[in-house]
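The values are calculated or read from the model by the stated rules, or taken from the named source; none is laboratory data. Keep in mind that what you see is a predicted model, and the values were worked out from it rather than measured. Methodologically, a virtual Cβ is constructed for each residue, glycine included, from the backbone with ideal geometry; neighbour enumeration extends over all protein chains shown.
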Amino acid sequence: MDALKIPDDLIQQANCIPGLRERVARFIRLEVTQHEMRQKRFRPETLALIARAQAKAGEMRNTGFDPDEERDTLIRRLDEMTTSETP
């Protein structure tokens, strides 16, 4: 991984925060540990399935997929299937 890049408009403010470098390093260590634990907990097949699902979701977002619209459509269809029109 390349060095963490701080946006130009935040560098001066970030440099004024005491202990920020240490806190960021601690956060990254915790994230690495958590990632390693997930890798050990799940089988490679499960992790591959998740990676494929994330890639597919990214493709769908890039083509204009709207999850809110999809959710509303699903709820409407479920209501149509489960709601009786006669009292």
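Among the residues of this structure, Thr63 does not count as one that is surrounded by 11 or more Cβ atoms within 10 Å (Cβ to Cβ) and among the hydroxyl-bearing types (Ser, Thr, Tyr). Scanning the range 16-39 for residues that are of a type in the set (Gly, Ala, Ser) and either closer than 19 Å to Lys5 by Cβ or in contact with a His (Cβ under 7 Å, 6 or more places away or on another chain) (or both) gives a single hit, Ala25.
Given the residues Arg38, Arg23, which is the only one that is at pLDDT 90 or above, part of a helix (DSSP H, G or I) and out of contact with any Gly (no Cβ under 7 Å at 6 or more places or on another chain)?
From the options Arg38, Arg23, the qualifying one is Arg23.
For Glu45, the criteria (1) exposed (fewer than 10 other Cβ atoms within 10 Å of the Cβ); (2) not in a helix (DSSP H, G or I) hold in every case but one, which is (2). Within the range 37-70, which residues are acidic (Asp, Glu) and under 17 Å from the mean Cα position of the chain (by Cα)? Within the range 37-70, Glu59, Asp66, Asp68 meet the criteria.
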